[in-house]
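Participant: Please see the structure below; I have some questions.
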Amino acid sequence: MNMGEIDNFGRRQDPPIQNDKATVRLPMLLGITLAGGMLIGATFFGGGKSINTIGRGYTKYKEILQLIENNYVDTVNTDDLVDYSISKMLEKLDPHTAYMNPDDAVAARSQLEGGFDGIGVEFNIYKDTVYVVTPLAGGPSEAAGIQSGDKIIKVNDTPLAGSKIDNGAVFQALRGKRGTEVKLTILSKGDKAARVVSVMRDRIPTYSVDAAYMVDGKTGYIKVNRFSETTYDEFKTALGQLKQQGMTQLMLDLRNNPGGYMDRATSLADELISGNKMLVYTNGKDTRYDRQTFAKIPGQFEEGPVVVLIDEGSASASEIVAGALQDHDRALIVGRRSFGKGLVQMPVQLSDGSELRLTISRYYTPSGRSIQKAYVPGREGDYEHELEARSKRGEYFIADSIKNDPKLKFKTDHGRVVYGGGGITPDYFIPRDTTWQTSYLAQLFGKNIVREYALEYANANRKSLEKIPFAQFNRTVNFDDNDMAKLVKDATAEGIKPNAGELARSKKYIQTQLKAYVARYIYQKNNRSGQNNEFFKVMSDNDETFRKSLTLFDRAQKLERGETLSAVKK
């Protein structure tokens with residue numbers, strides 16, 4: 001991390017540190033984040049002044065629509081025109097103000113709900129056929145006797161196969177209102193004839209804590225994939241269980257976490273931050289949206305070293321958590337610079353079920369940092385390709401390639417320099433490992449070759465594998481060159497041209513993935529909390545950021561104690 005200080009020897013001085021709370025309002029972030037940014041409730045909208053102001057524009061727009069509808073030479077769908085015109089209009093604002101049609105709005109909201117209505121299976125599409133990877137524990141499919149490896153041939157009278165089948169079509173066919181019955185035509189491995197199984201749809205819980213386990217006798221690991229309705233309760237339960245197992249230091253993994261409900265994120269941070277310290281605040285044009293959030297509860301882990309993992313996929317609510325922990329010197333932030341989402345949206349459901357997400361404020365970390373990266377209204381393409389630009393200038397591989405704005409300096413509680421204006425810069429940089437990434441590997445994953453091979457292996461060896469504990473599995477089960485040859489044969493049959501050189505580069509990663517998938521298929525059913533601990537334990541062997549972070553808890557402890565700045569330098 002760049003630790004710039006003021007020069008006292010006549011050379012150019014760095015800009016002053018900006019922690020003056022008198023010059024910034026201290027609002028609070030309510031609501032949710034998603035791919036579009038931070039969201040808060042829409043209860044404040046109203047008033048006639050704005051309607052009078054836009055009246056002339058509304059009249060003009062209505063006239064044009066009527067002229068098109070009545071006089072245009074061809075038949076047009078004016079609803080589609082309206083949706084298109086709204087989307088183009090919003091492009092003149094910021095990258096996170098967005099409009100969604102009714103279907104997209106429902107899909108977006110469901111990502112953060114605590115569950116969905118369906119039959120409860122994890123599926124995989126392989127050779128244009130839908131396979132059951134596993135029936136979810138306690139779900140209606142498990143109760144109906146559906147097993148891993150079963151093919152779903154039909155849903156009611158609709159065939160579920162062919163080159164046009166995709167994840168969206170499967171979701172649409174299998175999900176439905178709880179209490180409704182669906183008839184599945186199932187073909188099990190070894191059976192000559194298919195059978196029809198009736199399944200009553202029910203509420204299927206979704207989970208956001210992917211993993212929570214003890215790495216060793218003192219280190220707990222928790223992986224959070226998003227901030228949904230149930231995240232805080234899941235995290236609080238996991239944290240308590242790890243403490244009971246002897247955890248004295250915590251690794252919190254927020255990599256590739258795009259955000260979610262903000263109150264869940266601040267509640268999570270409150271479990272780790274003591275006293276009544278500020279967690280986040282917002283500032284908008286309308287003071288009604290200015291709020292502030294402080295720590296308020298006696299958290300379960302307010303003392304003890306904490307390491308937080310972030311990367312360029314960590315956004316919004318994830319950045320709120322990382323920013324609060326960094327500003328209060330409560331955690332060592334490790335990895336790569338986060339995405340940089342610092343705008344707050346208000347979701348407004350429109351009369352036809354569509355939704356407008358309108359940016360109404362910015363959020364700030366406790367030290368006063370806005371972490372929103374730069375954008376030019378109307379140039380969304382530049383904004384969307386910003387992560388690609390980071391890669392081109394080497395930021396994913398060289399720490400010094402991170403160029404922070406020297407005018408946006410702030411200080412943490414213990415006097416460390418941190419920066420605003422473009423995500424959370426980690427305290428300790430770990431480069432991305434791309435040595436195993438090849439075009440051949442991408443093709444294998446694109447056609448689900450790796451996952452299907454693991455599923456077939458797990459089903460073929462299930463009886464023997466279920467007799468051994470995971471620790472023994474992890475020591476003894478590995479995939480060798482014979483497995484690689486069989487996998488390449490399967491891939492070739494699916495039209496993927498063999499590439500010995502790229503296979504050699506990706507070999508170790510493929511072998512680790514195969515083992516991790518098999519571990520998941522065999523052992524996950526024993527965990528009713530939705531966690532995939534065995535999967536992540538296997539994958540950690542191939543995770544350089546994870547392994548390096550295990551060596552950094554001494555730095556995190558020094559940081560917590562407020563020791564010298566050099567104690568946490570890379």
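Since every read-out is calculated from the coordinates, none of them should be taken as a lab result. Everything quoted here is computed from the prediction, not taken from an experiment. Every residue, glycine as well, gets a Cβ built from its backbone with ideal geometry; the counts of neighbours run over all protein chains shown.
Participant: Could you work out how far the C-alpha centroid of the range 119-179 sits from that of the range 304-318, in angstrom?
Facilitator: A separation of 34 Å, based on Cα centres.
Participant: With Cβ to Cβ distances under 9 Å as the rule, what net charge do the other residues near Asp117 carry (K, R +1; D, E -1)?
Facilitator: Local charge sum for Asp117: +4.
Participant: If you average the sequence gap of Cα pairs under 8 Å that are 6 or more apart and divide by the length of the chain, what percent do you get for the contact order?
Facilitator: Result for the chain is 17 percent.
Participant: Another question about this same structure. Of Ile371, Thr434, Leu309, which is farthest along the charge dipole of the range 307-442 in the positive direction, counting Lys and Arg as +1 and Asp and Glu as -1 at C-beta?
Facilitator: Result: Ile371, furthest along the dipole toward the positive end.
Participant: Test of understanding: ordering Thr282, Thr435, Thr97, Thr134 by Cβ neighbours within 10 Å, fewest first, what list do you get?
Facilitator: Final ranking by Cβ density, sparse to dense: Thr435, Thr97, Thr134, Thr282.
Participant: Tally Lys and Arg at +1 and Asp and Glu at -1 over the other residues with C-beta under 9 Å from the C-beta of Asp413: what net charge comes out?
Facilitator: +2
Participant: Okay, helix-only estimate at 222 nm for the chain: each DSSP H run of n ≥ 4 adds -39500 (n - 2.57), divide by all residues, round to 500 deg cm²/dmol; what do you get?
Facilitator: It lands at -10000 deg cm²/dmol.
Participant: Right, another one. Take Val538, Val321 and order them by how many other Cβ atoms sit within 10 Å, fewest up front.
Facilitator: So the ranking, lowest neighbour count to highest, is Val538, Val321.
Participant: Where Lys and Arg each count +1 and Asp and Glu each count -1, what net charge lies around Val376 among other residues with Cβ under 14 Å from its Cβ?
Facilitator: -3
Participant: So, one more: As a test, work out the antiparallel percent of DSSP beta bridges whose residues both lie in the chain, rounded to the nearest 5.
Facilitator: In the chain, DSSP labels about 75 percent of beta bridges as antiparallel.
Participant: Let me ask you something else. Apply 1/(1 + (r/R0)^6) to the Cβ-Cβ distance of Arg432 and Lys507, taking R0 = 25 Å, and write down the FRET efficiency to the nearest 0.05. Don't skip to the answer; put the middle values down first.
Facilitator: Working: r = 19 Å, r/R0 = 0.77.
For R0 = 25 Å, the calculated efficiency reads 0.80.
Participant: Most exposed first by the Cβ proxy, i.e. fewest other Cβ within 10 Å, how do Ser529, Ser318, Ser354 rank?
Facilitator: Listing Ser529, Ser318, Ser354 from fewest to most nearby Cβ atoms yields Ser529, Ser354, Ser318.
Participant: How much length would be gained if the chain were fully extended between Lys183 and Asp117, taking 0.36 nm per residue of separation minus their Cα-Cα distance, in nm to one decimal?
Facilitator: 22.2 nm
Participant: Output the relative contact order of the range 115-205, whole-number percent, from Cα pairs under 8 angstrom with separation of 6+ residues. Please report the intermediate quantities before stating the final value.
Facilitator: On the way: 193 pairs, mean separation 31.2, N = 91.
Averaging sequence separation for qualifying contacts and normalising by length gives 34 percent for the range 115-205.
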